[in-house]
1. Identify all residues within the range 55-79 that are aromatic (Phe, Trp, Tyr) and within 11 Å of the chain's Cα centre (by Cα); write none if there are none.
2. Can you say whether residue 68 is at pLDDT below 95, of a type in the set (Lys, Arg) and part of a helix (DSSP H, G or I), as far as the supplied structure shows?
3. Where residues in the range 28-47 are in contact with a helix residue (DSSP H, G or I) (Cβ under 9 Å, 6 or more places away or on another chain) and surrounded by 11 or more Cβ atoms within 10 Å (Cβ to Cβ), which of them is modelled with the highest pLDDT?
Amino acid sequence: MASFYSRVTALVLVCSCLLLLLQEASGAPRCEKHDQEAPRNCKYGTTLDWCKNGVCAKGPGETCGGYRWSEGKCGEGTFCSCGICGGCSPFDGKCGPTSIC
C-alpha cells in the first residue's frame, strides 16, 4: 500500500511541475526577430533584450525594468531601482537617483 501512495505522490509531483513549466512558457513574449545587432550610436552602451537582440542601454534617470525588461536595461555603471536607472555612467559622468525601493 505504501508503494501505491509513493507512486501517486510522484505522479502528482511530476504533473505539477509540468503545469508550472507550461504556464511559464505561455507567458513568454513572442519574438519576431532574434539575435539582431545593436545600434552603433548608443549613448550608454548596448545590452540584449528578451529576444537576444542588441539594443541601446538606458542611462541614469531613464526608465528601466518591467516584465521581462520591457522598459529596458541600464547601461554600465548603473542599476535599475524602482523603475529608474540609478548610479553613475562612465560614458558621460551623469548620475541618477540611488533610491532603493
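The values are calculated or read from the model by the stated rules, or taken from the named source; none is laboratory data. On a predicted model such as this, the values are computed, not experimentally measured, just so you know. Cβ coordinates were reconstructed from backbone atoms using ideal geometry, including for glycine residues, and neighbour counts include every protein chain displayed.
1. Selection gives 67, 69.
2. yes
3. Across the range 28-47, the extreme among qualifying residues is 47.
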